[in-house]
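> Have a look at this one.
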Amino acid sequence: MAPHPLLLRIANGENEVLDFKKTISSASKIAKTMSAFANHKGGTLLVGVNDNKTISGVRSEEEKYMLEMAAEFYVKPKINLTITEWEFGGKVVLEAIIAEGLDKPYYAKDEDGKWWAHIRVKDQSLLASKIVVDVLKRNSGKGQNVIQYTDLERSALKYLEATEKVALKDLCKHLNISRWRGQKMLVALVSAGVVRSHTTEKTEYFTLS
């Protein structure tokens, strides 16, 4: 008998569209992952699964309540969840599917009541930079989506071609422009698909697409 499709997904491990949670201890923490999925291309939360791919199981009603509370009150705009309950060897796993958002950017409320946007990078949910947030707004029709190539943009692209990857501060220094102007230019270039943003836990850098 073939293994259940969900067990095969678990065996393959976490990735940009799949995240494991042993349990849900905080609505604000799970909201971070939800906002990252909504800002990306959607994703699935499996609650009751350990990081090492083993199934620990959950008490389904409590976990469902936390998931629904996070989606409605700790993410804005609020998101709709599709929750399915599965049982493997007497242990319950909750599958919560978050669709790609239609009204990006999505923000998650932290424990201090502040709202932050997150993005999905490989198997991590990371804080989105101002540039990425502005790109999400622009691509969702909330910002002007027109780009005009001036000598500045051409110089930036030439510099990126020569250096392969560059941080915002280095680009601004090379072009002798303000951080604000550099951010505005990169938002336009990333939105146009000419430049790509790469986010890590410690920094953000840009490359030619």
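The values are calculated or read from the model by the stated rules, or taken from the named source; none is laboratory data. Since the model is a prediction, treat every value here as computed from it, not as a measurement. No Cβ is skipped: glycine too gets one built from the backbone with ideal geometry, and neighbour counts run over all protein chains shown.
> So for region 52-61 (the condition being assigned to a helix (DSSP H, G or I), surrounded by fewer than 22 Cβ atoms within 10 Å (Cβ to Cβ) and basic (Lys, Arg)), does at least one residue qualify?
So in region 52-61, the residues assigned to a helix (DSSP H, G or I) come out as 60-61.
When the remaining residues are screened for being surrounded by fewer than 22 Cβ atoms within 10 Å (Cβ to Cβ), the result is 60-61.
Now restrict to residues that are basic (Lys, Arg): none.
Looking through region 52-61, none of the residues is assigned to a helix (DSSP H, G or I), surrounded by fewer than 22 Cβ atoms within 10 Å (Cβ to Cβ) and basic (Lys, Arg).
> On the given criteria, is Trp116 surrounded by 14 or more Cβ atoms within 10 Å (Cβ to Cβ), assigned by TED's automatic domain parsing to the domain that holds Ala36, more than 21 Å from Gln183 (Cα to Cα) and not aliphatic (A, V, I, L, M)?
Details: surrounded by 14 or more Cβ atoms within 10 Å (Cβ to Cβ): yes; assigned by TED's automatic domain parsing to the domain that holds Ala36: yes; more than 21 Å from Gln183 (Cα to Cα): no; not aliphatic (A, V, I, L, M): yes.
When the stated conditions are applied, Trp116 does not pass them.
> Would you confirm whether or not region 136-153 contains a residue that is in contact with a strand residue (DSSP E or B) (Cβ under 8 Å, 6 or more places away or on another chain) and without any contact (Cβ under 8 Å) to a residue 60 or more places away in the chain? So that I can check it myself, show each step before the final result.
First, the residues of region 136-153 that are in contact with a strand residue (DSSP E or B) (Cβ under 8 Å, 6 or more places away or on another chain): 136.
Imposing the further condition that a residue be without any contact (Cβ under 8 Å) to a residue 60 or more places away in the chain reduces the set to none.
Among the residues of region 136-153, not one is in contact with a strand residue (DSSP E or B) (Cβ under 8 Å, 6 or more places away or on another chain) and without any contact (Cβ under 8 Å) to a residue 60 or more places away in the chain, which makes the answer no.
> Need the failing condition index for Asn145 against (1) at pLDDT 95 or above; (2) touching a Ser or Thr at 6+ places or on another chain (Cβ under 9 Å); (3) over 24 Å from Leu126 (Cβ atoms), just the number.
The number of the failed condition is (1).
> When both residues are 6+ apart or on different chains and their Cβ atoms are under 8 Å apart, which pairs have a first residue that lies in region 73-88 and is assigned by TED's automatic domain parsing to the domain that holds Met34 and in a strand (DSSP E or B), and a second that is aromatic (Phe, Trp, Tyr) and surrounded by 14 or more Cβ atoms within 10 Å (Cβ to Cβ)?
Val75/Tyr106; Val75/Tyr107; Lys76/Tyr106; Lys76/Tyr107; Lys76/Trp115
> If Ala128 meets every condition in (1) touching a strand residue (DSSP E or B) at 6+ places or on another chain (Cβ under 7 Å); (2) farther than 18 Å from Ala38 by Cα; (3) modelled with pLDDT of 95 or more apart from one, which number is that one?
Every listed condition holds for Ala128 apart from (2).
> Can you tell me which residue among Leu102, Leu8, Leu67 is closer than 28 Å to Leu136 by Cβ and exposed (fewer than 14 other Cβ atoms within 10 Å of the Cβ)?
Numbers: Leu8 fails: closer than 28 Å to Leu136 by Cβ; Leu67 fails: exposed (fewer than 14 other Cβ atoms within 10 Å of the Cβ).
Sole residue among the options that is closer than 28 Å to Leu136 by Cβ and exposed (fewer than 14 other Cβ atoms within 10 Å of the Cβ): Leu102.
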